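Visitor: Provided herewith is a single structure, encoded as structure tokens, for subsequent inquiry.
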Amino acid sequence: MTRLNMRMLVFAFLASLTLHGDSCSDKEFGLHEQEFLCDEADAWLTRCCGHEVGLACTRAYGCNVHAPDLSVNTSLCIREKSCEDIVSAGLCRVTDWRMSASESAGLKALSCS
């Protein structure tokens, strides 16, 4: 390989790193369906419970990847339930929505899981 070809190869490699960023950069932008539906379910739960329920509905990318606390199906299911059903299932008392065990107990009572 000639010296010129080697320089071009190194330049192309460095340029690709600059253009694509590091492995922790954001990969996607915009509001996704899962985020939107989670926000809708969060608003419904807040209305039914009379207080913020603490859902995290924003998707994060990069090194600290985080999906919304609720799936699309779970969000739709919650939104279709009455406030009476939500309160009696205990969803207003869930303190950590990231813990699937605490979330699933109330969701099973609603037939959402």
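The values are calculated or read from the model by the stated rules, or taken from the named source; none is laboratory data. Just so you know, these numbers come straight off a predicted model, no measurement behind them. Ideal geometry is used to build each Cβ from the backbone, glycine not excepted, and the neighbour counts take in all protein chains shown.
Visitor: Counting just the residues of segment 72-113 that are small (Gly, Ala, Ser), crowded, with 16+ Cβ neighbours inside 10 Å and at pLDDT 85 or above, which one comes out nearest to residue 38 (Cα to Cα)?
Guide: Checking each candidate, the answer is 75.
Visitor: What number of residues within segment 46-66 satisfy the criterion of being under 17 Å from residue 107 (Cα atoms) and over 17 Å from the mean Cα position of the chain (by Cα)?
Guide: 3
Visitor: Okay, next question. Checking residue 33 against (1) modelled with pLDDT of 85 or more; (2) touching a Leu at 6+ places or on another chain (Cβ under 9 Å), which test does it fail?
Guide: Of everything listed in (1) modelled with pLDDT of 85 or more; (2) touching a Leu at 6+ places or on another chain (Cβ under 9 Å), residue 33 misses just condition (2).
Visitor: Working only within segment 47-71, note down all residues that are of a type in the set (Lys, Arg) and surrounded by fewer than 16 Cβ atoms within 10 Å (Cβ to Cβ).
Guide: Answer for segment 47-71, where residues must be of a type in the set (Lys, Arg) and surrounded by fewer than 16 Cβ atoms within 10 Å (Cβ to Cβ): just 47.
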